[in-house]
1. Residue check, Leu75 against (1) at pLDDT 95 or above; (2) within 29 Å of Asn165 (Cβ to Cβ), all met but one. Which one?
2. Report the residue count in the range 180-194 for those that are surrounded by 14 or more Cβ atoms within 10 Å (Cβ to Cβ) and not β-branched (Val, Ile, Thr).
3. Against the conditions (1) farther than 27 Å from Lys178 by Cβ; (2) more than 14 Å from the ligand (Cβ to nearest atom); (3) touching a helix residue (DSSP H, G or I) at 6+ places or on another chain (Cβ under 9 Å); (4) of a type outside the set (Asp, Glu), where does Met62 fall short? Just the number, please.
4. Pick from Tyr126, Tyr122, Tyr106: which is closer than 23 Å to Asp38 by Cα, hydroxyl-bearing (Ser, Thr, Tyr) and within 9 Å of the ligand (Cβ to nearest atom)?
5. Would you pick out the residues in the range 37-47 that are at pLDDT 95 or above and part of a loop (DSSP other than H, G, I, E, B)?
6. Please verify whether Val71 is within 12 Å of the ligand (Cβ to nearest atom), under 17 Å from Ile152 (Cβ atoms), touching a residue at least 40 places away in the same chain (Cβ under 8 Å) and touching a helix residue (DSSP H, G or I) at 6+ places or on another chain (Cβ under 6 Å), treating the condition exactly as stated.
7. Would you say Leu34 is outside any loop (DSSP other than H, G, I, E, B) and either touching a residue at least 24 places away in the same chain (Cβ under 8 Å) or among the charged types (D, E, K, R) (or both)?
8. Counting only residues that are at pLDDT below 95 and either acidic (Asp, Glu) or within 14 Å of the ligand (Cβ to nearest atom) (or both), which one in the range 137-165 is surrounded by the most Cβ atoms within 10 Å (Cβ to Cβ)?
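The values are calculated or read from the model by the stated rules, or taken from the named source; none is laboratory data. This structure is a prediction, so every number in the text was calculated from the model and none was measured. Quick reminder, even Gly has a Cβ in these numbers, built from the backbone with ideal geometry, and neighbours come from all protein chains shown.
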Amino acid sequence: MIFWGKKKYQYIDTKGYFKQSEIYKNLAGITPILSRHDRNAILEIGAYEGVGTCYLCDNFLMNPESFLTTVDPFLIDDAGTAMHGMVERNFLRNVSNVKFLDKLTYVKDKSANFFAGNQKTYNFIYVDGSHHPNDLMLDLKESIKVLEKNGILWIDDYGSNYSVNSVSPKDVVDEFYKSECDSLTRIHSGYQVAFKKL
Ligand SMILES: C[S@@+](CC[C@H](N)C(=O)[O-])C[C@H]1O[C@@H](n2cnc3c(N)ncnc32)[C@H](O)[C@@H]1O
């Protein structure tokens, strides 16, 4: 269990995906790549129990113009993530306790459908959704279209050994970066990887 939020509410965190992540270590650090007070337009693909969603809402939405959209279909047959019926219930319970609930939009759908209807741009996008190579490539290509100049694209599972037909997340991200290297600079590389849009 971890303590965040306005009233020391205990967010349910059964897997610890976010707490162990490099993005959390960066955002919780003294000089995080995202400012707490500036306008932040945040997009999260893949919410799971919403632990990352809650942390981002509680800490990076204080500017009146800031907002966060999170997208997850909560399909229990998802390959690559331990999905079950309680995940969405835990997500809904967790996010109902965030500090800036009015600035949070939750889209219960696959990211491909979300992107097809999305009209907004973002300065921070966290891609942590489907691990399937085709889905990941779509998430990356769609994200770059709606990422603002100087915006950050942070991607989970770059170092994961999950693969489909021998194609790993690293293979997908490296191919994406090769095609976008004129418009992106790499700012982090580890189990996760991150780029800034030039
Ligand atoms: C590793 S979890 C996300 C963890 C979360 N970002 C955190 O930090 O706690 C991956 C999530 O991606 C979701 N997902 C799977 N396919 C997706 C898709 N096509 N579009 C959006 N989300 C998807 C799964 O339902 C699952 O909840």
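1. Result: Leu75 fails condition (1) only.
2. 5
3. (3)
4. Matching residue, one of Tyr126, Tyr122, Tyr106: Tyr126.
5. Within the range 37-47, Asp38, Arg39, Asn40, Gly46, Ala47 qualify.
6. No; evaluated as a whole, the condition is false for this residue.
7. Answer is no for this residue.
8. Result: Val164.
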